[in-house]
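Q: I'd like to ask you about the structure that follows.
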Amino acid sequence: MCGAELTSLPESVQRVARVLQDKGHPHSPVMLDDAARTAQQAADALGIAVGQIAKSIIFRRKSDDAAVLVITSGDRRVDEKKVDALVGKTGRADAEFVRARTGYAIGGVPPLAHATPPVTLIDQDLLRFDEVWAAAGHPHGVFRLRPQDLAVLTGAPVADVVQAGA
């Protein structure tokens, strides 16, 4: 991606694009015509299965008020008890907390380039796909990657973090 392409993107997507570029990721963010605030909306816009959306769910760790990012497959639900067993007791994060800790609004939180680095876990069920798409810092912005790239880009472990039979 050249400088001119980068500056035509919203500032929040430019931050994600810079991190991807700095880490040598081969795919730049793209802007969708319609908002993709949910995994289903993103999957519909991209013409892919909803499970191929790597959705970012933010929790608030109670012991230290840290953001906990769980990157999960769009067709799965996070099991908070499994997350708590790995990182400590968590609770819901409201929109203000999410924006303050990540620098992004709910519906566009990427798996990287956060204002404050979160504690991050990656859903092992994402590995069933060859390719997934993640939010790129804006409700219209997404980028393509292989599920195993998430661990490389974020340094996070892959774990069982979803509800059984989901």
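Q: Listed residues PRO157, PRO147, PRO139; which is out of contact with any Ser or Thr (no Cβ under 6 Å at 6 or more places or on another chain) and within 19 Å of ARG15 (Cα to Cα)? Step through it out loud before you land on a result.
A: On the way: PRO157 fails: within 19 Å of ARG15 (Cα to Cα); PRO147 fails: within 19 Å of ARG15 (Cα to Cα).
It is PRO139.
Q: Of these, SER56, SER63, which one is more than 24 Å from GLU131 (Cα to Cα) and out of contact with any helix residue (DSSP H, G or I) (no Cβ under 6 Å at 6 or more places or on another chain)? Give the derivation first.
A: Working: SER56 fails: more than 24 Å from GLU131 (Cα to Cα).
The unique qualifying residue is SER63.
Q: Give me a count of the residues in the range 70-97 that are assigned to a helix (DSSP H, G or I) and surrounded by 22 or more Cβ atoms within 10 Å (Cβ to Cβ). First the steps, then the outcome.
A: Keep residues of the range 70-97 that are assigned to a helix (DSSP H, G or I), which gives 80-87, 95-97.
This time we only want the ones that are surrounded by 22 or more Cβ atoms within 10 Å (Cβ to Cβ), so: 83.
Going through the range 70-97 one residue at a time, the tally reaches 1.
Table: residues versus (1) in contact (Cβ under 8 Å) with a residue 60 or more places away in the chain; (2) over 11 Å from the mean Cα position of the chain (by Cα).
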residue	(1), (2)
ALA95	no, yes
ILE106	yes, no
ALA113	yes, no
THR120	no, no
PHE129	yes, yes
LEU150	yes, no
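Q: Additional query: Any idea which of (1) among the small types (Gly, Ala, Ser); (2) part of a helix (DSSP H, G or I); (3) at pLDDT 95 or above is the one ALA4 doesn't satisfy?
A: ALA4 satisfies all of (1) among the small types (Gly, Ala, Ser); (2) part of a helix (DSSP H, G or I); (3) at pLDDT 95 or above except (3).
Q: Only one of THR116, THR120, THR72, THR102 is of a type in the set (S, T, N, Q), within 25 Å of ARG18 (Cα to Cα) and in contact with an Asp or Glu (Cβ under 6 Å, 6 or more places away or on another chain). Can you tell me which? Step through it out loud before you land on a result.
A: Numbers: THR116 fails: in contact with an Asp or Glu (Cβ under 6 Å, 6 or more places away or on another chain); THR120 fails: in contact with an Asp or Glu (Cβ under 6 Å, 6 or more places away or on another chain); THR102 fails: in contact with an Asp or Glu (Cβ under 6 Å, 6 or more places away or on another chain).
Going through THR116, THR120, THR72, THR102 in turn, just one is of a type in the set (S, T, N, Q), within 25 Å of ARG18 (Cα to Cα) and in contact with an Asp or Glu (Cβ under 6 Å, 6 or more places away or on another chain): THR72.
Q: Now for a separate question. Identify the single condition in (1) of a type outside the set (A, V, I, L, M, F, W, C); (2) surrounded by 21 or more Cβ atoms within 10 Å (Cβ to Cβ); (3) over 16 Å from the mean Cα position of the chain (by Cα) that ARG101 does not satisfy, given that it satisfies every other one.
A: (3)
Q: What are the pairs with Cβ atoms under 7 angstrom where one residue, in the range 37-60, is closer than 16 Å to ARG144 by Cβ and the other, located anywhere, is small (Gly, Ala, Ser) and part of a helix (DSSP H, G or I)? Sequence gap at least six, or different chains.
A: Listed by first residue and then by second, the contacts come to ALA49/ALA43; VAL50/ALA39; VAL50/ALA43; GLN52/ALA43; ILE53/ALA39; ILE53/ALA42; ILE53/ALA43; LYS55/ALA39.
Q: Mind listing whichever residues of the range 61-93 are without any contact (Cβ under 8 Å) to a residue 40 or more places away in the chain, under 22 Å from GLN124 (Cβ atoms) and touching a strand residue (DSSP E or B) at 6+ places or on another chain (Cβ under 6 Å)?
A: Correct list: GLY74, ASP84, VAL87, GLY88, THR90.
Q: Something else: Please go through the range 20-52 and give me each residue that is aliphatic (A, V, I, L, M) and in a loop (DSSP other than H, G, I, E, B), ordered by number.
A: Looking only at the range 20-52, we keep the residues that are aliphatic (A, V, I, L, M), and these are 20, 30-32, 35-36, 39, 42-43, 45-46, 48-50.
LEU32, ALA35, ALA36, ILE48, ALA49, listed by residue number.
The values are calculated or read from the model by the stated rules, or taken from the named source; none is laboratory data. Every value quoted in this text rests on a predicted model; they were computed, and no experiment measured them. For neighbour counting, all protein chains shown are included, and Cβ atoms are generated from backbone atoms with ideal geometry for every residue, glycine included.
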